[in-house]
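The values are calculated or read from the model by the stated rules, or taken from the named source; none is laboratory data. Note that the structure is predicted; figures quoted are calculated from it, not measured. Quick reminder, even Gly has a Cβ in these numbers, built from the backbone with ideal geometry, and neighbours come from all protein chains shown.
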Amino acid sequence: WELHAPIIARINDLKAQKNAVILAHNYMTPDIFFAVGDFRGDSLQLAREAAATDADIIVQAGVHFMAETSKILAPEKTVLIPSLEAGCSLASSITGADVRLLKERYPGTPVVTYVNTTADVKAETDICCTSSNAVQVVEHICAEFGTDQVILIPDQYLAKNVAAMTDKKVITWAGACEVHERFTAEDIREIRAGKPGVIVLAHPECPPDVLAEADFAGSTAAMSGYVSKNKPKDVVLITECSMSDNVAAENPDVAFVRPCNLCPHMKRISLEGILRSLESGEHEVTVDPVIAQRARAAVERMIDLPL
Ligand code: 13P
Ligand code: SF4
């Protein structure tokens, strides 16, 4: 922390001077999350903040699809991402052209896209969802279309997990999160054997057999909320490593079992990169206005749902 103090002070000065805010995803390292993040949360919470803020500049401490979502919701604002290499295996698994082919194959079927997608994919779809509202979004859009079949893309595991919680037929895509697909049901059984009584919380991007072994499944914000509310004696978060560091800092009375996987994309965001963004305006995220307008309809439809 002492090493980081001058850079943190410089970032916070520049934010005030330039009327900038930093939106920090739950997977940011604690130095970023606590010392410079103005808003912290999961994808849905950060999208809501992007839409609501009156700052002139948004620095996205997260991955590229999150910065695009901010730009889609706040087109008049400057949106910066500290590293253009902060991608996502889900976002890169599908294109707008792929979605057009799916729509031709399943005419009349509503298309729900996970926010972990590029703007051109969102532009082709009826409504977005995040891991915190996927089941409700699927049920809402099926009722609106008067159908019991839905296309939910691109995460095959999220889709299977949602399908298990609704009576709707869910058509999906072969995408996966490179971080969460590596967890196995055997990992959970080993954790339980090593720490009897441990409470296991897992992200819905994990394969269904992993979720079947967990005590609770939810978005990053939902997992954090579970720990703060229930204060388990021992807990393991089956997700990205920085989550445990951040939730542990806010819950010193809870013991965290630490097997986790790193997201190489999220870890490209550093304090140094954030400072460079604020100093030099790199890297500005832009979205073609026509694409942005269509994508905005899908994101706002989700945000406006009374969930
Ligand atoms: P959340 O919406 O739960 O924050 O998830 C985003 C993400 O990228 C998880 O891997
Ligand atoms: Fe994408 Fe997975 Fe990284 Fe989240 S954790 S940004 S879904 S690769």
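Numbers below:
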{"quantity": "Among the residues listed as 261, 251, the single one being within 16 Å of ligand 1 (Cβ to nearest atom) and farther than 22 Å from residue 4 by Cβ", "calculated": "261"}
{"quantity": "Count - residues of region 73-107 that are within 10 Å of residue 285 (Cβ to Cβ) and crowded, with 22+ Cβ neighbours inside 10 Å", "calculated": "3"}
{"quantity": "Scope region 161-191; condition closer than 22 Å to residue 116 by Cβ, in a helix (DSSP H, G or I) and either more than 15 Å from ligand 2 (Cβ to nearest atom) or touching a residue at least 60 places away in the same chain (Cβ under 8 Å) (or both); matching residues", "calculated": "162, 163, 180, 182"}
{"quantity": "Checklist (1) assigned to a strand (DSSP E or B); (2) of a type in the set (A, V, I, L, M); (3) within 20 Å of residue 131 (Cα to Cα) applied to residue 210, failing item", "calculated": "(1)"}
{"quantity": "Criterion (outside any strand (DSSP E or B), surrounded by 19 or more Cβ atoms within 10 Å (Cβ to Cβ) and hydrophobic (A, V, I, L, M, F, W, C)) met by exactly one of 55, 16, 51", "calculated": "55"}
{"quantity": "Selection count where residues are assigned to a strand (DSSP E or B), within 19 Å of the chain's Cα centre (by Cα) and not β-branched (Val, Ile, Thr), scope region 131-160", "calculated": "2"}
{"quantity": "Checking residue 128 against (1) within 15 Å of ligand 2 (Cβ to nearest atom); (2) in a loop (DSSP other than H, G, I, E, B), the condition it does not meet", "calculated": "(2)"}
{"quantity": "Failed item, numbered, when residue 197 is tested on (1) buried (at least 19 other Cβ atoms within 10 Å of the Cβ); (2) free of Cβ contacts under 8 Å to residues at least 60 places away in the same chain", "calculated": "(1)"}
{"quantity": "Output for region 75-130, where each listed residue is hydroxyl-bearing (Ser, Thr, Tyr) and in contact with a His (Cβ under 9 Å, 6 or more places away or on another chain)", "calculated": "83, 89, 118"}
{"quantity": "Residue within region 234-246 that is more than 16 Å from ligand 2 (Cβ to nearest atom), of a type in the set (D, E, K, R), part of a strand (DSSP E or B) and surrounded by 14 or more Cβ atoms within 10 Å (Cβ to Cβ) present", "calculated": "yes"}
{"quantity": "Region 95-114, residues that are under 18 Å from residue 288 (Cβ atoms) and within 16 Å of ligand 1 (Cβ to nearest atom)", "calculated": "113"}
{"quantity": "Pick from region 150-189, criterion of a type in the set (A, V, I, L, M) and over 19 Å from residue 91 (Cβ atoms), ranking: farthest from ligand 1 (Cβ to nearest atom)", "calculated": "171"}
{"quantity": "Condition check for residue 201: assigned to a strand (DSSP E or B) and not assigned by TED's automatic domain parsing to the domain that holds residue 80", "calculated": "yes"}
{"quantity": "Of residues in region 200-216 being closer than 17 Å to residue 176 by Cα and without any contact (Cβ under 8 Å) to a residue 60 or more places away in the chain, the one nearest to ligand 2 (Cβ to nearest atom)", "calculated": "206"}
{"quantity": "Sole residue being in a loop (DSSP other than H, G, I, E, B), more than 16 Å from ligand 2 (Cβ to nearest atom) and among the β-branched types (Val, Ile, Thr), chosen from 117, 109", "calculated": "109"}
{"quantity": "Failed condition for residue 273, given (1) touching a residue at least 24 places away in the same chain (Cβ under 8 Å); (2) loosely packed, with under 15 Cβ neighbours inside 10 Å; (3) out of contact with any strand residue (DSSP E or B) (no Cβ under 7 Å at 6 or more places or on another chain); (4) assigned by TED's automatic domain parsing to the domain that holds residue 67", "calculated": "(2)"}
{"quantity": "Pick from region 213-229, criterion part of a helix (DSSP H, G or I), at pLDDT 95 or above and of a type outside the set (Gly, Ala, Ser), ranking: farthest from ligand 1 (Cβ to nearest atom)", "calculated": "213"}
{"quantity": "Selection status of residue 228, of a type in the set (S, T, N, Q), surrounded by fewer than 23 Cβ atoms within 10 Å (Cβ to Cβ), within 16 Å of ligand 2 (Cβ to nearest atom) and within 23 Å of residue 48 (Cβ to Cβ)", "calculated": "no"}
